[in-house]
Amino acid sequence: MRFLRRFLTRLLNWGMRQTRRAIERQIDKYVGLQASENAWAVFTPVEARPQALLNGGDVATMKRDSQAERAVLFIYNLLGDLRKACRTMRAVSIDPV
């Protein structure tokens with residue numbers, strides 16, 4: 001039983017790390033795009049990235065909001081899958097074989 005618990009914990013931690021990395025890549029990409037737009041429009045290349053960070057807001061807040069959105073989406077998908085499984089099981093149990 002301990003083996004299974006450790007395995008599931010490691011699997012969950014691996015998934016969370018992948019999610020965090022994906023969120024960080026998305027934020028870096030967003031900040032990079034904003035910086036390039038700022039450099040193109042008004043600011044010097046040195047000023048463009050700090051200005052993009054100011055316009056985008058706090059990085060920690062962006063990460064927290066993104067993780068919250070992913071959690072809600074996961075729950076929404078899980079509930080939809082459970083509904084479909086219940087409908088399928090009900091349909092199978094009603095049909096005479």
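List of remarks:
- Members of segment 37-66 found to be in contact with a helix residue (DSSP H, G or I) (Cβ under 7 Å, 6 or more places away or on another chain), surrounded by 13 or more Cβ atoms within 10 Å (Cβ to Cβ) and part of a helix (DSSP H, G or I), listed by number: Asn38, Ala39, Ala48, Arg49, Gln51, Ala52, Leu53, Gly56, Val59, Met62, Lys63, Ser66
- If you go through segment 50-97 and keep only what is over 14 Å from Glu24 (Cα atoms) and of a type in the set (Ser, Thr, Tyr), you end up with Tyr76, Thr88, Ser93.
- Residue count, segment 21-47 (criterion: within 16 Å of Ala60 (Cβ to Cβ) and in contact with a Lys or Arg (Cβ under 8 Å, 6 or more places away or on another chain)): 4
Conditions tested, residue by residue: (1) surrounded by 10 or more Cβ atoms within 10 Å (Cβ to Cβ); (2) at pLDDT below 80; (3) not in a loop (DSSP other than H, G, I, E, B).
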residue	(1), (2), (3)
Phe3	no, no, yes
Met16	yes, yes, yes
Arg21	yes, no, yes
Arg25	yes, no, yes
Leu73	yes, no, yes
Tyr76	yes, no, yes
Gly80	yes, no, yes
Arg83	yes, no, yes
Arg87	yes, no, yes
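The values are calculated or read from the model by the stated rules, or taken from the named source; none is laboratory data. Owing to the predicted nature of the structure, the values given are computational and were not obtained by experimental measurement. Cβ coordinates were reconstructed from backbone atoms using ideal geometry, including for glycine residues, and neighbour counts include every protein chain displayed.
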